[in-house]
1. Tell me, what is the percent relative contact order of the stretch 29-84, built from C-alpha pairs under 8 Å that lie six or more residues apart?
2. Give me the extension gain from residue 239 to residue 200: residue separation times 0.36 nm, minus the current Cα-Cα distance, reported in nm with one decimal.
3. Would you give the gap between the C-alpha center of the stretch 1-66 and the C-alpha center of the stretch 251-277, rounded to a whole Å?
4. I'd like to compare 341-347, 142-148: which one has the highest average count of other Cβ atoms within 10 Å, and what's the full order after that?
5. Given a cut-off of under 8 Å on Cα pairs at least six residues apart, what relative contact order in percent is computed for the chain?
6. With a 10 Å Cβ neighbour count serving as the proxy for reagent exposure, in which order, fewest first, do 258, 38, 212 appear?
7. Per residue of the stretch 185-193, what does 6.51 cos²θ - 1.76 cosθ + 1.60 with θ = phi - 60° give for ³J(HN,Hα)? Whole Hz please, x for Gly and Pro, Karplus curve as stated.
8. Between residue 307 and residue 48, how high is the FRET efficiency from 1/(1 + (r/R0)^6) when r is the Cβ-Cβ distance and R₀ = 30 Å? Nearest 0.05.
Amino acid sequence: MPASGPVHEALAALPLVDHHCHGAVTADLAPGQFESLITEGEAWPGVSPFDSPVGVAVRRHCAPLLDLPRHTPAADYLARRRALGWREVNRRFLTAAGAEAFCVDTGYAPHPVTSPAELAEASGGAAHKVVRLERIAETVAAGGGAAGAYADAFRAAAEEAVRRPGVVAVKSVAAYRTGFALAPERPTDAEVTQAAGHWLARGGRLADPVLIRHLLWTAVDLGLPLQLHTGFGDADVRLHRADPALLTDWLHLTAGTIPVLLLHCWPYHRQAAYLATVFEQVYLDVGLALHYTGPARSRAVLEEALEITPFRKLLYSSDAYGVAEFHHLGALSFRQGLAALLQARVDADELSLPDALRIAAWTGRDNARRLYGLPANDPARN
């Protein structure tokens, strides 16, 4: 039986703000395509991603939204998904997520996915945009130009991007490109020009430590909240370099500037909690980990993240990409996991019920509203 109690009821009814996610695919997926999208690894021969915690969670918690019994076999699940069609599948799962607003990173789209406007329409919520800075830098580099003009061209392009309607934040994937063991100081103009010369001659994606430092400091100058991927990701990340504690010196230098939002964090969510405790500008979420653990273990992840984190510093995100199941599963895992841990503290008299309800609203919605300047009951359809 589902857990019950006033905290569970409050979180079940709370319109969430998903402060970091991506679009859902706009195509009917073949079985192999779907399986490849529910793992950060690969769908290996003879090993189905359905035979994993996230695969089990999909069959348990997503099947009923497709009019199927809980724990339905994977083949039946995929057949029903194709029969309904991607538009209806997306509508059902995005609506079930119960989010009043999504902050959408549009900088990663190896598959055709919904735009923020399409995500908003399918969900009945609002959608805002998160600008990925590495993509802007790579677009500038692809346009040619002299190395000495790179810094000004990148800054101008970034400033233009963040002035567009609906943009509420910027994001960097420095964790993937170089990791965080970077010199914390702002690079000099000469260093940037030299590094840009090497990159423009070589081509490829942005992975130069000097230019990544320049990108992060440009983000500070832009003045919007900065989202940083940390921790868990696909095989492209070198996990030991994605520990947010490696940002400590840079955070000292950027104190008093912009909010820094540490995304995902697992397995470094305790390090992220430390940073959020000692640096005023640092916030965190445990998105991505929530749908990969599912409701069965989301409470444990959230409990570790909240061991010392100030309650105004934790936000909700799904980091859902590709399959709309993840928008729903992330929200469900967050609601159930947070409700269970808060209700347990109320029952143990470690927390009053009014405090628990306030924490639930802060973490699920209000912290994001405050940081991104989102109005209550946001009607935007950007």
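1. Working: 38 pairs, mean separation 13.4, N = 56.
With pairs under 8 Å counted, the relative contact order is 24 percent.
2. Details: separation 39, 0.36 × 39 = 14.04 nm, distance 2.77 nm.
Full extension of this stretch gives 11.3 nm more.
3. 27 Å
4. On the way: 341-347: 19.6, 142-148: 11.9.
Taking the mean over residues of other Cβ atoms within 10 Å, the ranking is 341-347, 142-148.
5. Numbers: 712 pairs, mean separation 88.5, N = 382.
Computed over the chain, the figure is 23 percent.
6. On the way: 258 17, 38 22, 212 25.
Neighbour counts put them in this order, fewest first: 258, 38, 212.
7. With the stated coefficients, the stretch 185-193 comes to 6, 5, x, 6, 4, 5, 5, 5, 4 Hz.
8. On the way: r = 35 Å, r/R0 = 1.16.
Once rounded, the FRET efficiency stands at 0.30.
The numbers here are math on the coordinates, done by the rules we state, and not lab data. On a predicted model such as this, the values are computed, not experimentally measured, just so you know. With ideal geometry, Cβ positions are generated from the backbone for all residues, glycine too; neighbour counts draw on all protein chains shown.
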